[in-house]
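FYI, it's all coordinate maths here, none of it is from the lab. None of these values were measured; they are calculated from a predicted model. For neighbour counting, all protein chains shown are included, and Cβ atoms are generated from backbone atoms with ideal geometry for every residue, glycine included.
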Amino acid sequence: MAYASHLKILGLSLLALGLSLGTTQGVSPSPGHQAHPPANPGPHAPHGDDAHHGTFEIPPGQAVPTLNLVVHTDALRGWNLEIQTTDFRFAPEQVNQANQPNVGHGHLYIDGEKLGRVYGPWVHLVDLPPGRHQITVSLNTNRHQTLTHQGQPIAATVEIVVP
């Protein structure tokens, strides 16, 4: 129960940060908090709430966005998740409007549970309980459809190990 409460608080915090996401300079990983990209999104790929939004396949001939996640230990508390993309533009001002090629937002999941939207390239994560946690971000259209290429979600997952 406490873990679910922490996830809800974290989700609300992320939603409150929404448009105010900025960059953090000079933060480096520490030995106790490792990020490991998996070979594929696996069981923590976008699902659940995204299922009713559907998917949007990148049309042939259009640039396919890429996504990479890097975890930096925050100097004060938690972690800063850097969301690196190519051929994709975060556009929070266009949420729920008509889809445009390679424009939209992200959806954030921790251990397969959706926490909210991501409107920029940085997210601060706090209050993760001890253990291994899968952090997943998917790229989504303005209307929340998960972007796919060759039927696979454009998503990335890293693992944070909390001692």
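Each of ILE160, ILE154, ILE58 was scored by other Cβ atoms within 10 Å of its Cβ. Arranged with the fewest first, they read ILE58, ILE160, ILE154. Amide H contacts under 5 Å for LEU115: LEU108, TYR109, ILE110, restricted to partners 5 or more places along the chain or on a different chain, H placed in the peptide plane at 1.01 Å from N.
Take 90-103, 108-121 and order them by the average number of nearby Cβ atoms within 10 Å per residue, most first; the result is 108-121, 90-103.
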